[in-house]
Each structure stands twice: as C-alpha cells, then as structure tokens.
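None of the figures in this text is laboratory data; all of them are computed from the coordinates on show. Computed from a prediction, not measured in an experiment: that's the story for all the values here. Cβ: placed from backbone, ideal geometry, glycine included. Neighbour counts: every protein chain shown.
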Amino acid sequence: GYKAGMDAVAQIAQQTAQSMAASMAGVSRDIQTGMEGTVAKIAGIFGKIQTIVIGAGAAIASGGVFGAATRQTVEMAKESLALSRALGVTMEQASVLNVALDDIFQTSDKLLGGNKAMTRELRQNEESFLKLGVATRDGNGNFRNSLDIMLDVNKKLAAFKEGTDRNIEGQKIYKKAWEEVAPVVKLTAEVMEVARAKSESLNLVMGPESVEVITKYRAS
C-alpha cells in the first residue's frame, strides 16, 4: 500500500509539472482575464498530492519515527527542569545549558555532581573561590546562582596548565569529585553563548510553558 501511494505521488507530480507548464505558457492571458481558474486548478492538483503524502506519513509515524522524536523532546525537557531547579536558573537557561553539555560531550548528571561538590565547598570555605578570583556574591551580598559561579570557576581553572597545576586548583574547589568532573571545565560562558545561538536557531529554547505542556503530556 505504501509503494502504491508513492507511485501515485510520482504520477500526480508528473501531471502537475505538465499542468504548470501549460498554465505558465498562458500566464499573460490569465493576467488579463483573472488568475482564479489557474490557481484553483494547481491548488486542486497539489491537494491530491498532499492527501496521499499525509497517508504515507501516517504509515511512517506508526513505525515510531515521530514517537521517538516526542520521547526525546520529553527527556530533554525533564533534564532541563532538573538543571533549572538544582542550579537556580530559568528554564530557558537550563535548556541552553543542556545543548552546551551535548556540545562538550558531557552529561547533566556529571554537571550536577560537580555542582553539588562545589556548593558544599562554597558553604564551608568561600575563601577558596575568592582566592581563585571568582566572585561568589552579587552587589546585594546574596550568593550568585550556581551556574554563573561554576562558569567563572571553569574559566579560571582552564587558564592553568593542564595536568598537575590544574588538578591542584581543581581539587581546592571540587575536592574528591574533581577527577570525575574535570571534563566539565570545558563548559564556559563562551560555550554557553554558542549553545544559545544554536538553541535559538533550532527552536530548542524551552520556557515555563514547555514545562506545562510536557507535564500534561506525561500525565496523559
């Protein structure tokens, strides 16, 4: 049935090309007498094509192509929501962060593990961050969000020579978790900017309304 549908599409497409050629040949006359007839004729032919293609698309969808895309979207939304809550950032920032992590081939779990270790050190020894040259509080004396602090920490650590020098400084912030989270140092403000541009161009930026839609979808 699928093959028959595609054969029909090919046949109608050929007829359409012939019809359009004939219509364009008489375009000067049509401009004088009105294009309604020509437009209606072409629209009707394309309507037939659309009907058959939609039927073929339904067959593809039943095979799981669109279902897989939907599941991937839901998973991305769940990860973005977890990042948003853990790091104290907006859903939009979290969705961009998700793309940035993919770009440096890291996972949200690894980032959250690093954030947990960093936050513990921030609570116990804020001086470690100040010595590294990272501001921990805003102008009102409140702690900055975890993501901004981490991006600044990563930028400072990346400036150290890879190896012993960077490991010593990294352990001051991340303690025992450093070995596991060291690759996340690649996540910097510059990487985030590139990810933001990519996210916007591909419509991957998620807002609060995305959470509502995904929640309803999962509930259903």
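Taking Cα centroids, how far is the stretch 194-220 from the stretch 81-110 in Å? Comparing the Cα centres of the stretch 194-220 and the stretch 81-110, I get a distance of 12 Å.
Taking loop as defined by DSSP and a crowding limit of 16 other beta carbons within 10 Å, which GluC sites (Glu not before Pro) in the stretch 69-167 fit?
Here the GluC sites (Glu not before Pro) that fit, given the DSSP loop and packing criteria, are E126, E162.
Principal semi-axes of the equivalent ellipsoid, √(5λ) from the alpha carbon gyration tensor of the stretch 83-190, are 19, 18, 12 Å from largest down.
Over the stretch 140-220, what relative contact order in percent results from Cα pairs under 8 Å that are six or more residues apart?
The value is 28 percent.
For K78 and K172, the FRET efficiency from 1/(1 + (r/R0)^6), where r spans their Cβ atoms and R0 equals 22 Å, is about 0.10.
Where a ≥ b ≥ c are the square roots of the eigenvalues of the C-alpha gyration tensor, would you call the stretch 136-214 rounded, which needs a/c under 1.5, or, failing that, prolate if a/b is larger than b/c, or oblate? The shape class here is prolate. When the alpha carbon coordinates of the stretch 79-145 are projected onto the principal axes, the ranges are 32, 23, 17 Å, largest first.
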